[in-house]
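Reviewing the structure listed below.
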Amino acid sequence: WTVVNDNVSSGAWERGDPVGTEAQPEEDAGDGTQCFFTGQGLPGGHVSLEDLDGGPTRLVSPAFDLAGDDGVIRYSYWHYNLKGDDPLVVELSGDDGNNWTEVTRHEFGAGGWFEESFRVSDHIAPTSQVRLRFSISDNPTNTITEAAIDEVKVQRFDCTWQDLGNALPGAHGDPVLDGDGTLLADDPLTISLANGLEF
């Protein structure tokens, strides 16, 4: 994961064990201890300590390969901005980060972890160079603005076909899920979610 900052004076993305405040999580969203968050305050410190100012600060994933397939991206997010004027923006790129397509923006946030998911092909054509980006800014610097990201998973659709061959008399192949030895146009396929990428 890469952090790219543009005129950020404080509160850029970093990874670690978060220190909780009114605006930031005390724990990550999963079973571990680490997540990405905007700035790290001090225990007992004021809510504005290392509050995001300026920006945007962008958290960019490594490239992952969805060529010839499709995928679902799942993530947990934390967003704090009571005015709703500094959204957490989620984007996808299919050309290794040269161009970006907005997937969604989380406008208003009062803290707390939430889960989101989306299908990649609903937004871009899946390629071998897909990247995910989370961006947030506080411009002008008139509010407490914080965000955190955790439990990012990229799941690729893998359609698995089982050829039974001579396993059953007269069988020429059959989808895994049905298993009756007869190949029909409306037989279901097993969709397995594989090749998860997470931190």
Residues of the stretch 7-25 being under 23 Å from the mean Cα position of the chain (by Cα) and not in a strand (DSSP E or B), which ones? Gly11, Ala12, Asp17, Pro18, Val19, Gly20, Ala23, Gln24, Pro25
Given (1) aromatic (Phe, Trp, Tyr); (2) open to solvent by less than 50 Å² (accessible area, probe 1.4 Å); (3) out of contact with any Pro (no Cβ under 9 Å at 6 or more places or on another chain), where does Trp100 come up short, assuming only one miss? (2)
Checklist (1) outside any loop (DSSP other than H, G, I, E, B); (2) within 22 Å of Leu82 (Cα to Cα); (3) open to solvent by less than 70 Å² (accessible area, probe 1.4 Å) applied to Asp28, failing item: (1)
Inspect the stretch 131-139 for any residue being out of contact with any strand residue (DSSP E or B) (no Cβ under 7 Å at 6 or more places or on another chain) and either more than 24 Å from Ser9 (Cα to Cα) or not in a loop (DSSP other than H, G, I, E, B) (or both) and give the result as yes or no. no
The condition from (1) buried (at least 22 other Cβ atoms within 10 Å of the Cβ); (2) part of a loop (DSSP other than H, G, I, E, B); (3) not hydrophobic (A, V, I, L, M, F, W, C) that Pro43 misses is numbered (1)
Residue check, Gly111 against (1) open to solvent by less than 70 Å² (accessible area, probe 1.4 Å); (2) closer than 23 Å to Arg131 by Cβ, all met but one. Which one? (2)
Just to be sure, is Val4 open to solvent by 10 Å² or more (accessible area, probe 1.4 Å), of a type in the set (Val, Ile, Thr), under 20 Å from the mean Cα position of the chain (by Cα) and at negative phi? yes
Hey, Trp100 closer than 18 Å to Asp28 by Cα and not hydroxyl-bearing (Ser, Thr, Tyr) or not: no
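For the stretch 45-62, what are the residues that are touching a strand residue (DSSP E or B) at 6+ places or on another chain (Cβ under 8 Å) and either more than 19 Å from Asn5 (Cα to Cα) or of a type in the set (S, T, N, Q) (or both)?
Thr57, Ser61
The values are calculated or read from the model by the stated rules, or taken from the named source; none is laboratory data. What you are looking at is a predicted structure, and each value in this text was computed from that prediction instead of being measured. Using ideal geometry, Cβ is built from the backbone for each residue, glycine included, and neighbour counts are taken over all protein chains shown. In case anyone asks, the SASA skips ligands and DNA or RNA and just uses the protein heavy atoms, side chains included. Shrake-Rupley method; radii C 1.70, N 1.55, O 1.52, S 1.80 Å.
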